[in-house]
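Notes follow once the structure below has been shown.
The values are calculated or read from the model by the stated rules, or taken from the named source; none is laboratory data. From a predicted model like this one, the values you see are computed outputs, not experimental measurements. Every residue, glycine among them, receives a Cβ derived from its backbone with ideal geometry; neighbour counts consider all protein chains shown.
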């Protein structure tokens with residue numbers, strides 16, 4: 001019997017939704033921060049050019065830093081932020097910090113509000129958000145040292161010490177925050193991955209179980225049914241009827257195997273499928289009223305198989321009964337009724353291990369979203385009503 005097995009599914013970003021969201025946030029926010037601070041910083045930088053600011057150095061520096069801010073944002077939005085982008089940002093900000101004496105007027109240095117101070121803070125925070133701690137923390141220390149050195153050379157050691165402390169706090173806080181978020185989200189993704197794995201295994205297990213149930217239904221409705229009838233004496237052991245029954249079972253099993261290897265797309269005639277099922281039970285006295293009815297091929301297979309199982313039960317348990325089979329559409333619902341005037345039974349007393357009603361009829365109908373209603377009582381015959389509609 002073929003057994004469904006789970007096949008490995010390649011990992012995709014959807015398998016790590018937390019990490020994907022974090023990467024998006026740690027790409028978008030640094031890109032916007034670099035872009036806005038770069039453009040505002042450029043405007044502020046060229047607005048104060050009092051000596052010892054060297055305009056010949058300031059203008060090229062502002063042009064380069066503005067172009068870098070634009071490139072950084074464009075590259076981040078298009079391709080993400082890689083190690084080269086982080087290294088380039090740290091290198092340019094370090095150079096700008098060391099050149100503070102020639103780029104920033106002394107009167108705007110105090111208060112940690114100069115454009116160089118803002119540039120340094122931006123690069124420190126972006127480095128922590130976009131690079132692993134083993135690289136981002138040393139980069140933050142380098143940026144702090146470059147800023148402190150440049151401002152000290154500009155003649156303001158107090159400002160150098162004050163903003164250096166601020167930069168170190170930013171390095172520590174941003175690094176810890178990024179590390180905690182990455183760790184927490186990594187754990188969440190691990191839990192989600194376990195859930196996905198268990199879901200795939202459950203789907204595979206259901207597929208295996210459904211395949212087993214389908215094969216058991218097929219065997220119950222054909223070979224096992226024939227053997228039961230032989231055991232009950234309904235069919236003589238070496239008779240032409242037994243040979244015909246075995247040949248019919250073989251044809252049915254072969255047709256089922258062929259149907260499962262073929263496509264089930266499109267529609268087919270349910271009334272034709274029911275006529276084939278009736279032809280397989282020539283010993284029954286059946287009056288059939290089959291209105292033309294087209295349904296999806298898979299649904300036709302299930303309805304015809306369930307009806308055939310009901311007819312087989314009649315042949316097995318009430319061989320002399322008169323049977324009626326009725327097919328119609330009622331308010332958009334396809335209805336197949338199999339009724340007999342046999343001895344009937346109490347459906348509530350059927351043992352749980354019995355396969356006929358539970359799987360061959362109810363279980364089979366459930367596979368296409370249909371349902372079966374069995375109405376019977378001792379001495380009152382049996383009516384099996386099969387229903388299916390697109391609304392189920």
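Here are some notes:
- Yes/no for residue 342 being part of a helix (DSSP H, G or I) and either out of contact with any strand residue (DSSP E or B) (no Cβ under 6 Å at 6 or more places or on another chain) or not assigned by TED's automatic domain parsing to the domain that holds residue 381 (or both): no
- Qualifying positions in the stretch 114-140 - more than 15 Å from residue 164 (Cβ to Cβ) and more than 43 Å from the chain's Cα centre (by Cα): 115
- Residue 357 being in contact with a strand residue (DSSP E or B) (Cβ under 7 Å, 6 or more places away or on another chain), at pLDDT 90 or above, closer than 24 Å to residue 210 by Cβ and in a helix (DSSP H, G or I): no
- The conditions of being assigned by TED's automatic domain parsing to the domain that holds residue 275, without any contact (Cβ under 8 Å) to a residue 12 or more places away in the chain and surrounded by fewer than 22 Cβ atoms within 10 Å (Cβ to Cβ) are not met by residue 292.
- Filtering the stretch 333-343 to residues that are more than 42 Å from the chain's Cα centre (by Cα) and either without any contact (Cβ under 8 Å) to a residue 24 or more places away in the chain or surrounded by 23 or more Cβ atoms within 10 Å (Cβ to Cβ) (or both) leaves only 340.
- Residue match in the stretch 375-388 (condition: within 27 Å of residue 210 (Cα to Cα) and either part of a loop (DSSP other than H, G, I, E, B) or modelled with pLDDT under 85 (or both)): no
- Residue 169 farther than 30 Å from residue 51 by Cα and either modelled with pLDDT of 95 or more or in the same structural domain as residue 33 (by TED's automatic domain parsing) (or both): yes
- The stretch 302-332, residues that are surrounded by 15 or more Cβ atoms within 10 Å (Cβ to Cβ) and under 41 Å from the mean Cα position of the chain (by Cα): 302, 303, 304, 305, 306, 307, 308, 309, 310, 327
- Cβ separations smaller than 7 Å between residues 6+ apart or across chains give the following pairs from the stretch 174-192 residues that are assigned by TED's automatic domain parsing to the domain that holds residue 123 to residues that are outside any helix (DSSP H, G or I) and surrounded by 14 or more Cβ atoms within 10 Å (Cβ to Cβ): 189/16.
- Checked against the criterion of being under 26 Å from residue 178 (Cα atoms) and touching a helix residue (DSSP H, G or I) at 6+ places or on another chain (Cβ under 8 Å), the candidates 104, 118 yield just one match: 118.
- Whichever residue in the stretch 157-186 is within 45 Å of the chain's Cα centre (by Cα) and buried (at least 18 other Cβ atoms within 10 Å of the Cβ) and, among such residues, is farthest from residue 101 (Cα to Cα): 185
- Scanning the stretch 97-117 for residues that are within 21 Å of residue 169 (Cβ to Cβ) and in a helix (DSSP H, G or I) yields 97, 100, 110, 111, 112, 115, 116, 117.
- Set side by side, the residues 310, 372 differ, and just one is in contact with a strand residue (DSSP E or B) (Cβ under 9 Å, 6 or more places away or on another chain), assigned to a strand (DSSP E or B), closer than 26 Å to residue 209 by Cβ and in contact (Cβ under 8 Å) with a residue 60 or more places away in the chain, which is 372.
- Tally, over the stretch 73-97, of residues that are buried (at least 18 other Cβ atoms within 10 Å of the Cβ) and farther than 21 Å from residue 20 by Cβ: 7
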